[in-house]
Amino acid sequence: MNGIPYIKSETHQSITTIEFYHPQSNSLPSKLLHELAHEIHNAGTMFETKVIILKSAGEGAFCAGASFTELSALASLEDGLNFFSGFAHVINAMRKCPKMIIGRIHGKCVGGGVGIAAAVDYAIALDKADIKLSELSLGFGPFVIAPAVERKIGTGAFSALAIDATLWRNSEWCLRKALYAELHHSIEDMDEAVSRLAFTLSHSSTEAMTELKRVLWKGTENWDVLLNERAALSGRLAMTEFSKKAIVAIGTKQKAKK
């Protein structure tokens, strides 16, 4: 890894693989979120693409959520709305994409990373892919990603994640709650499962898969408006004194560890 963040996409034999990377535990600043949403949209419109694999690079975290550097720099309600809209755009791009999206979840997911794992159509994970929603501890909540996570794991499991914001849930918990469809104990087994399903779907009926995805996402037609409203709510709460102090405290702890 050269430390330069990126989003890259390549297509082989009707399978488009989209990969993201950031040196800070695959966190996603606004620029990368915009590019990721764009790549997902493009893949959905490509005739030659029948299935999408979404993955991140490296062997550490799958996604540490939004950029803490950007979060720390928020100075206005407009900044807050724009910041929290990033994951809204990605989730809506995944929701509206007519192609099935397989998630390769190789490591831990925090915050928005949990939202991405929930928004893929089929998540195949490694047994170290634990999750945590830390937003409440920062003075706001996981409002933007809540619809995607709650849709996948149910209100009870989502509320447990959102309320106890400092507790990690392990990958077995995620499998039981259906956040992950499959769980594997080695990279090789996980990648074999991803390749197997992608190959199978690449030889399936495009029309049938599109119709199935429409059925699976039924009831989410208002998410363009809903997630934007949730982004505004998160942005407003991030401007409160409680949130600003919590963000500074976390930043201080992170600097002390370096």
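For GLU59, which of the numbered conditions (1) surrounded by fewer than 22 Cβ atoms within 10 Å (Cβ to Cβ); (2) farther than 28 Å from SER14 by Cα; (3) at pLDDT below 95 fails to hold?
It fails just one condition, (2).
For region 180-220, how many residues meet the condition of being more than 27 Å from LYS108 (Cβ to Cβ) and among the hydrophobic types (A, V, I, L, M, F, W, C)?
Within region 180-220, the subset more than 27 Å from LYS108 (Cβ to Cβ) is 199-200, 202-215, 218-219.
With the extra rule that they be among the hydrophobic types (A, V, I, L, M, F, W, C), the set shrinks to 199, 208-209, 212, 215.
Residues that pass the stated criteria total 5.
Of the residues that make up region 142-161, is at least one among the aromatic types (Phe, Trp, Tyr) and under 14 Å from the mean Cα position of the chain (by Cα)? Before you say what the answer is, go through the steps one by one.
Just the residues of region 142-161 that are among the aromatic types (Phe, Trp, Tyr), to begin with: 143, 158.
Narrowing further to those that are under 14 Å from the mean Cα position of the chain (by Cα): 143.
Scanning region 142-161, I find at least one residue that is among the aromatic types (Phe, Trp, Tyr) and under 14 Å from the mean Cα position of the chain (by Cα), so the answer is yes.
Within region 74-95, is there a residue that is closer than 28 Å to THR210 by Cα, of a type in the set (D, E, K, R), at pLDDT 95 or above and out of contact with any Phe, Trp or Tyr (no Cβ under 8 Å at 6 or more places or on another chain)?
The first filter runs over region 74-95 and keeps only residues closer than 28 Å to THR210 by Cα, leaving 85-95.
From what is left, the residues that are of a type in the set (D, E, K, R) are 95.
Restricting the remaining residues to those that are at pLDDT 95 or above gives 95.
Now drop any that are not out of contact with any Phe, Trp or Tyr (no Cβ under 8 Å at 6 or more places or on another chain), which leaves none.
No, region 74-95 contains no residue that is closer than 28 Å to THR210 by Cα, of a type in the set (D, E, K, R), at pLDDT 95 or above and out of contact with any Phe, Trp or Tyr (no Cβ under 8 Å at 6 or more places or on another chain).
Hey, could you check region 21-34 for residues that are in contact with a Phe, Trp or Tyr (Cβ under 8 Å, 6 or more places away or on another chain) and without any contact (Cβ under 8 Å) to a residue 40 or more places away in the chain and say which is farthest from LEU54 (Cα to Cα)? Talk me through it step by step, then tell me what you get.
Pass one, region 21-34, residues in contact with a Phe, Trp or Tyr (Cβ under 8 Å, 6 or more places away or on another chain): 21, 24, 26-28, 30, 32-33.
From what's left, without any contact (Cβ under 8 Å) to a residue 40 or more places away in the chain: 21, 32.
Values: TYR21: 12, LEU32: 14 Å.
My answer is LEU32.
Being in a helix (DSSP H, G or I), without any contact (Cβ under 8 Å) to a residue 40 or more places away in the chain and charged (D, E, K, R) is the filter; apply it to region 137-177 and report the residue that is surrounded by the fewest Cβ atoms within 10 Å (Cβ to Cβ).
In this case the residue turns out to be ARG176.
Counting just the residues of region 39-51 that are assigned to a helix (DSSP H, G or I) and in contact with a helix residue (DSSP H, G or I) (Cβ under 8 Å, 6 or more places away or on another chain), which one comes out surrounded by the fewest Cβ atoms within 10 Å (Cβ to Cβ)?
Initial filter on region 39-51 (assigned to a helix (DSSP H, G or I)): 39-45.
Still in the list and also in contact with a helix residue (DSSP H, G or I) (Cβ under 8 Å, 6 or more places away or on another chain): 40-41, 44.
Details: ILE40: 27, HIS41: 16, GLY44: 18.
The residue in question is HIS41.
Suppose we keep only residues that are touching a helix residue (DSSP H, G or I) at 6+ places or on another chain (Cβ under 7 Å) and assigned to a loop (DSSP other than H, G, I, E, B) within region 178-189. Which one would you say is farthest from LYS128 (Cα to Cα)?
Within region 178-189, the first condition is being touching a helix residue (DSSP H, G or I) at 6+ places or on another chain (Cβ under 7 Å), and the residues that meet it are 178-180, 182-184.
When the remaining residues are screened for being assigned to a loop (DSSP other than H, G, I, E, B), the result is 178-180.
Numbers: ALA178: 16, LEU179: 14, TYR180: 12 Å.
Among those residues, the one meeting the criterion is ALA178.
All but one of (1) at pLDDT 95 or above; (2) surrounded by fewer than 22 Cβ atoms within 10 Å (Cβ to Cβ) hold for HIS22; state the number of the condition that does not hold.
(2)
Would you be able to tell me the number of residues in region 211-243 that are among the polar types (S, T, N, Q) and assigned to a helix (DSSP H, G or I)? Before the answer, list the steps.
Restricting attention to region 211-243, the residues satisfying the condition of being among the polar types (S, T, N, Q) are 220, 222, 228, 234, 240, 243.
After this cut, where a residue has to be assigned to a helix (DSSP H, G or I) as well, the list is 228, 234, 243.
Qualifying residue count for the region: 3.
Which numbered condition in (1) part of a helix (DSSP H, G or I); (2) at pLDDT 95 or above is the only one that ALA246 fails?
(2)
Restricting attention to region 123-135, does a residue exist that is part of a helix (DSSP H, G or I), among the hydrophobic types (A, V, I, L, M, F, W, C) and at pLDDT 95 or above? Walk me through it before giving the result.
Of region 123-135, the ones part of a helix (DSSP H, G or I) are 135.
This time we only want the ones that are among the hydrophobic types (A, V, I, L, M, F, W, C), so: none.
No: zero hits.
When you go through LEU71, LEU54 one by one, which is the residue that is at negative phi, assigned to a helix (DSSP H, G or I) and hydrophobic (A, V, I, L, M, F, W, C)? First the steps, then the outcome.
Values: LEU54 fails: assigned to a helix (DSSP H, G or I).
Answer to the check: LEU71.
The values are calculated or read from the model by the stated rules, or taken from the named source; none is laboratory data. Fair warning: this is a prediction, and the values are worked out from it, not measured in the lab. Quick reminder, even Gly has a Cβ in these numbers, built from the backbone with ideal geometry, and neighbours come from all protein chains shown.
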